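Bear in mind that the values in this text are calculations on the coordinates, not laboratory data. Keep in mind that this is a model prediction, so the values were computed, not measured. For neighbour counting, all protein chains shown are included, and Cβ atoms are generated from backbone atoms with ideal geometry for every residue, glycine included.
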Amino acid sequence: MSLLFHHSLSIPMTFIDCLMRMRCNLFEGCFTSTSDTFQKQSKWKILPYKKLAKVTDNFDQSHCLGKRGFATEYYGKLADGREITIQCFNEDKHHILQQFISETTILNYLPHKNIVSIYGCASHHEESMLVHEYLSNGNLAAHLKTEDENTTLPWLTRFDVAIDIANALDYLHYNGIIHRNVKSSNILLDVNFSAKLANLHLSCKLPDGVPVYAAHVTNDIIGTCGYIDPDYLTKGQLSVKNDVYSFGVVLCELLSSKLAKSWVLNEEDDLATLLRTKIEKQAVVELLDPRLDFQSNHKIKRMMTATAELALLCMQCPQELRPSMEQVLEILKGIKQGRHETNATKALKIFHHGELEEATNNFDTCLGKGGYGTVYYGKLKDGREVAIKCFHEESETEKIIEQFMKETEVLVWLQHKNLVLLYGRTSRHSNKHMLVYEYISNGTLSKHLHDSSCDKLPWHTRLNIAIETATALVYLHDSGIIHRDVKGSNILLDENFTVKVADFGFSRYLPDYATHVSTIPVGTRAYIDPDYYESGRVCDKSDVYSFGVVLFELISSNSPSLVEGTDYVTLAQFAKRKILNKELNAVVDPSFWFGVDRNMMEMITAVAELAFQCVQCPKVLRPSMKQVLETLEGISKGTWGFNQIT
């Protein structure tokens with residue numbers, strides 16, 4: 001049963017209000033004829049009623065798809081071959097026409113692959129008609145209700161449906177639109193079971209200038225029982241988080257194959273309470289549909305359990321505790337990749353541009369520039385110092401978004417004391433893409449090694465930097481991540497010279513079953529693994545090579561590229577040749593020889609030998625990062641030996 005209460009003095013701006021603003025009083029006077037209204041919608045194609053009558057055999061019952069909400073739906077096929085659904089609104093004209101104009105306006109201005117496409121409009125006497133694409137697999141609710149084990153949607157298909165709808169809602173929310181009626185019967189499936197969100201009749205647009213995530217109190221309560229947010233129903237709190245709650249209910253339906261109305265709950269309980277109880281008792285399997293193969297497939301069971309935890313996050317009260325749909329989408333993608341943590345702290349904060357403009361005093365302090373962006377210093381209202389990476393606007397948009405999202409995807413799931421902490425980012429839909437990191441006050445390793453204005457780093461500090469960098473890389477490799485851009489300028493140092501590895505824009509995920517990933521070589525040439533550069537096959541041993549170059553930098557204080565005579569050579573090439581010629585003294589920073597500290601020179605020699613092994617070709621000759629770390633720790637303690645890596 002739907003809850004449909006309309007009050008003329010409600011706070012949220014309906015789409016009819018938005019339409020009046022945008023289209024010069026389009027809905028001028030509530031009694032404008034349907035035909036006149038259509039003619040003023042310049043972007044929508046007006047389809048002749050006779051044409052629609054012809055393709056439906058004069059709206060014959062054999063073409064009727066059923067009644068949904070306010071409309072009766074019919075199937076038809078246009079002359080150009082497009083299959084269509086015709087929604088016929090024939091009730092109270094004033095009320096229905098408002099909702100009808102709402103949907104057409106939203107879809108006119110916000111086309112999206114996961115939102116049903118509109119083809120045109122029509123009218124006939126008292127009827128208003130909306131013509132949109134026909135999706136042959138019907139709605140999600142019908143597929144969930146089936147009891148046939150052979151026709152039920154498999155889990156991975158259901159999960160992709162969840163991602164598709166999260167994508168659609170994220171897009172609507174970014175544009176300030178609340179759907180207000182998210183439910184499985186409003187999720188349509190095409191021939192490939194790709195999902196599209198439909199029936200935006202009840203949607204509303206937040207007032208201009210109002211923050212997307214702000215809540216508004218209203219008396220205009222709209223939605224469907226079982227899906228409606230309790231904060232919205234009892235307190236009138238209207239926000240995009242209402243849709244997040246409803247989406248959490250849909251996740252429960254996907255997990256259980258039970259529609260919201262079929263849950264048997266007593267008056268004290270609600271779906272969120274039941275789900276929380278099952279999770280706390282580690283009995284979530286009692287809610288899962290046994291036909292989904294989770295008993296025999298451990299991967300599916302983990303995915304479903306993580307999805308149940310996400311559903312609970314979505315249904316939290318008060319609504320401020322819920323993640324945004326953009327965060328939900330990130331969590332879903334992480335679950336699909338095999339990362340099953342759904343803790344709310346893993347969902348990054350979405351910063352608005354004005355917030356970061358204020359934090360940086362209009363971006364007045366530049367910390368540095370790179371290939372894809374400029375980094376600025378800032379201070380948030382809560383006192384945290386931040387480094388804000390702003391991607392270059394003049395770069396190709398697709399590459400910007402790819403780099404932007406890559407860093408987010410890596411750091412949102414991976415937290416380690418030697419990885420730079422990502423506090424949040426701007427929306428992926430924003431025109432200006434920015435990442436907000438913790439501020440690391442001591443700059444980069446490259447600066448301390450190669451900038452004459454910096455004091456020379458003592459050996460024990462350099463060795464500790466090597467150990468901490470190796471620790472971070474071992475953690476990444478254990479998590480299936482290849483950094484692909486290990487270099488001195490991506491190793492940051494805090495005030496205590498603790499390492500924070502940064503810049504994950506080039507990182508790649510390496511599945512457990514794969515030995516390498518084929519990709520176009522990226523990174524800084526002097527650090528790039530020659531095997532990777534020539535073959536395009538990157539693996540964890542590619543990071544080992546780059547780390548070997550960093551070790552040579554720490555030993556020599558030289559840049560990764562050198563001038564030797566009239567030729568440019570890489571530091572790795574130079575160091576390998578000198579070591580093979582037994583000329584280690586040409587590689588080591590001369591200042592280290594002056595102390596005549598035998599123990600220190602033995603350690604430096606051992607690190608040089610380790611670096612030599614790291615840059616061997618072919619890559620099978622190199623140690624793993626775990627072996628490198630063990631050796632460095634042994635060198636630091638004076639107990640090293642190379643038998644473990646040869």
Please state the equivalent ellipsoid semi-axes for segment 350-438: what are the square roots of 5 times the Cα gyration tensor eigenvalues, largest first, in whole Å?
18, 17, 12
Using the number of other C-beta atoms within 10 angstrom as an exposure proxy, rank 369, 301 with the fewest first.
369, 301
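How do 413-421, 157-165 rank on mean C-beta neighbours within 10 Å, highest first?
My ranking of the peptides, most packed first, is 157-165, 413-421.
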Quick one: what are the phi-derived ³J(HN,Hα) couplings along segment 290-301, Karplus 6.51/-1.76/1.60 with θ = phi - 60°, whole Hz, x for glycine and proline?
x, 6, 8, 6, 6, 5, 9, 10, 5, 4, 5, 4
Between residue 602 and residue 337, what FRET efficiency follows from the Cβ-Cβ distance if R0 is 51 Å, with the result rounded to 0.05?
0.70
Pairs 196/333; 389/417; 67/196; 113/333; 432/500: which are spaced more than 24 Å apart, C-alpha to C-alpha?
432/500
Can you list the HN-Hα couplings for segment 475-491, worked out from phi with the Karplus curve (6.51, -1.76, 1.60; θ = phi - 60°), rounded to whole Hz and with x for Gly and Pro?
4, 4, 5, 5, 8, x, 10, 9, 5, 6, 8, 6, 6, x, 6, 9, 10
Plugging the Cβ-Cβ distance of residue 49 and residue 416 into 1/(1 + (r/R0)^6) at R0 = 51 Å yields, to the nearest 0.05, a FRET efficiency of 0.20
I need the shape label for segment 125-186. Rule: rounded when a/c is under 1.5, else prolate if a/b > b/c, else oblate, with a, b, c from the alpha carbon gyration tensor.
oblate
If Lys and Arg each add +1 and Asp and Glu each add -1, what is the summed charge of the other residues whose beta carbon sits under 13 Å from the beta carbon of residue 84?
+1
Going by average Cβ neighbours within 10 Å, how do the peptides 312-325, 617-630 rank, with the highest at the top?
312-325, 617-630
Work out from phi, with θ = phi - 60° and the Karplus expression 6.51 cos²θ - 1.76 cosθ + 1.60, the ³J(HN,Hα) of each residue of segment 604-619, listed in order in whole Hz, and give x for Gly and Pro.
5, 4, 5, 5, 4, 5, 5, 4, 4, 5, 5, 9, 5, 10, x, 5
Taking H as built 1.01 Å from N, whose amide H comes closer than 5 Å to the amide H of residue 424, not counting residues under 5 places away?
436
Amide H neighbours of residue 119 under 5 Å, counting only residues 5+ apart in sequence or on other chains, H built in-plane at 1.01 Å?
131, 132, 133
First select every other residue whose beta carbon is under 13 angstrom from the beta carbon of residue 468; then total the charges, Lys and Arg +1, Asp and Glu -1.
+1
Packing-based exposure ordering (other Cβ within 10 Å, fewest first) of 221, 178:
221, 178
Among 187-196, 584-593, 452-461, how do they line up from the highest to the lowest mean number of other beta-carbon atoms within 10 Å?
187-196, 584-593, 452-461
